[in-house]
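J.: Let me give you the structure first, and then I'll get to my questions.
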Amino acid sequence: MQNQQTPAKGISRSQLERADLVIIGNGIAGLTAAVEARHLAPDKRIVIITDQIHPTINTPALKQFAIAKLAREQLLAYPSGTERAERIHVVNAHVEGIHAQSKYLTLNENRSFGYETLLIATGSSPSGIPSSTPGHDFDGVMTLHRLQDYLDLRRRIPEVSEVVVVGGGVHAIETAMGFLYWGKRVHLLIRSTIMGKTLDETASEMVLNNLRRAGAIIHTGTEVAGIVGRVGAVVGVITNHQEMIPCQLVAGCIGTRPAMSLAKKCSVPMLNKNGILVDDKLRTSVRDIYAAGDVAALRNPQTNTFETRAQWYAAVSQGRLAGAMMVGSAEHTETTFGVQWHATHLGELSMLTVGEPLKRDEGTVTMTDTAQGNYRRLAIQDDRLVGYLSLGTAQPDSLAIKRIIDEKISISKIIKPLLKGKFDARRYLSEQHAYAAQGMLTGRASTLQIERSTTTRRLPEALPPVAHLEPFAEPQPATLPRESLTRQAEPLLYEEEISPFTGNLPTVSRAGLPANKEPIPQPFTGNLPPPQGRQQMAPGYSLRPQNNKMDLAQAINARQNPTGRERAPEGKQKLWAFSDEIPVEASENVLKRRR
């Protein structure tokens, strides 16, 4: 724990670099928060501190990049130049500690950076092959998690004929399917059952049969006992059954864990357990510090436990809320996250799980259906849906079903359509809310009972509170330009997400980009409708700017400097940072937008 309360040696408080909003991490939650904050507070100074060497990427699209269906340029989560256009400064550094009382961060190389409001969006770290496994450090033992991992994978593909994938979760299945796409011989090693915390026995067997039909060799009840190498490179795996499996590549897809080391390096104790604990406004137990994305643990309203939500859509939603909270925009923070849900593709199968479909306690009724090669499982309590699992060739309306669970709407009349998958959830919701509105207008009691949580839940009482902190005060709305004040609140949850290979992002305003730069389309930014009130990028743009001619000096500069970044002058922290300077045309666009 850090107890030092003075800036780094050699830097006085007056010289300490500061920003109104500082975000640690440039993943999708971090950059989404920065863009949202910029839209709501044009005059705030916003800084992202990251140790990544590339812009924010669409991580679900890495699976498509792995099978060469996408190029690197198509992995960008936001259009190139977004940070410069939105005047978001990016500092390339590693954060080593948080001094919460004095409100500054210690960085590597004895540097410091001050903040008024802080967001921790450090994401997650992979759990690869354990370091205790003999041969874990041979060349060819990989953990697929970040862009660099997939770049390495793409280079290795031509030299590989047989692969061992270790893991029994979604990531392992998707990785195995990717190798099968390349025509490789794939062994999938599963320690117990496939997706045991998500699927029941029937659904697990469907997934395994689908993998076998695709050509995968399944080894259940199998673990890696050791890895065999020759001249430093992998040539095989020894299992716990003393079986030798020849291979040239071992992919560890065992899972992830939240990257929450900063919670333990904060001068004020920050509550953490399987993630940094936050309330439904993403506030941590430390004043003026928020957490979002894979590192944030929110309360599950069904189990009353704190859990991370390591999905793309959840990170985007949390980023928007965190950005609004950091600037005190109260009208944009009226939301609840509700129950857990996850939608993905497992080969030819579409999977949707919402709430607690495997719930088995007293009072829970379970109903299943296996018609036409599909499988659906419903968990029902007192005429209310508490869990839903769907596995088959078609995927139901994910977020509409989540809404039925969140709002505890009666399903007595729709159980059969839900089981058969022939159910228009959105139409049903519209009808139920229309009945409720009619009942309110006529003064009759509505038969629709909807429970909404409008209060902020407290952090768990089982954990000791921080004694010297006063209770949180609700943030006061910041002074916003007229355009921001008239902007309609955007729903963060009730939109549809179908493909696991896509992710929805708010469309970035093009004001501030150089006039000769064409917007770069994001073919894998998802199939959700764009948030209301933001410009949607027109289709048909090429993947590169049209006017791409440059002289020799410009070409050399482009090769030496990362896209959109400029090297800070000597003597000023030697950090990479986005420049304040933007073209005259961009400045005029920004001024128009502020008016």
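The values are calculated or read from the model by the stated rules, or taken from the named source; none is laboratory data. Predicted model only: the values in this text are computed from it and were never measured. Because the Cβ atoms are built from the backbone with ideal geometry, glycine has one as well, and the counts that use them run over all protein chains shown. The protein model used for the area step is the full one, side chains on, heavy atoms only, and it has no ligands, DNA or RNA in it. Shrake-Rupley method; radii C 1.70, N 1.55, O 1.52, S 1.80 Å.
J.: Students sometimes get this wrong: rank Val231, Val141, Val186 by accessible area, probe 1.4 Å, all chains present, largest first.
T.: The ranking, largest first, comes out as Val231, Val141, Val186.
J.: In angstroms, what radius of gyration and Dmax does the stretch 268-386 have, counting Cα atoms only?
T.: Answer for the stretch 268-386, Rg first and Dmax second: 17.2, 57 Å.
J.: Any idea of Ser412's accessible area? Nearest 10 Å², probe 1.4 Å.
T.: 70 Å²
J.: Would you mind calculating the relative contact order of the stretch 341-440 from Cα pairs under 8 angstrom and at least 6 residues apart, reporting the percent as a whole number?
T.: Dividing the mean separation by the residue count of the stretch 341-440 yields 24 percent.
J.: A further question on this structure: So what does the Cα-only Debye profile of the stretch 203-352 read at q = 0.10, 0.12, 0.13 Å⁻¹, as log10 I(q)/I(0), no solvent term?
T.: Taken in order of the listed q values, log10 I(q)/I(0) reads -0.58, -0.75, -0.81.
J.: Given the pairs Lys44/Lys273; Lys359/Lys413; Lys63/Lys281; Lys359/Lys408, which span a C-alpha to C-alpha distance of over 26 angstrom in this model?
T.: Correct reply: Lys44/Lys273; Lys63/Lys281.
J.: Cα centroid distance between the stretch 17-41 and the stretch 74-131, in Å?
T.: The distance from the Cα centre of the stretch 17-41 to that of the stretch 74-131 comes to 10 Å.
J.: When averaged across all projection directions, what area in nm² does the alpha-carbon convex hull of the stretch 141-254 cover?
T.: For the Cα atoms of the stretch 141-254, the hull's average projected area reads 7.0 nm².
J.: Tell me, what is the 1.4 Å probe accessible area of Trp182, in Å² to the nearest 10?
T.: The accessible area comes out at roughly 90 Å².
J.: So how do Glu109, Glu174, Glu36 rank on accessible area, 1.4 Å probe, biggest first, that is with the largest at the start?
T.: Descending accessible area places them as Glu109, Glu174, Glu36.
J.: Please give me, ordered by residue number, the trypsin sites (Lys or Arg not before Pro) of the stretch 280-385 that lie in loop per DSSP and have at most 14 other Cβ atoms within 10 Å.
T.: Here the trypsin sites (Lys or Arg not before Pro) that fit, given the DSSP loop and packing criteria, are Arg360.
J.: Over the heavy atoms of Thr122, what accessible area does a 1.4 Å probe trace out, to the nearest 10 Å²?
T.: Per-residue accessible area (Thr122): approximately 50 Å².
J.: For Asp149, Asp139, give me the order by solvent-accessible area with a 1.4 Å probe, most accessible first, ignoring ligands, DNA and RNA.
T.: Largest accessible area first, the residues go Asp139, Asp149.
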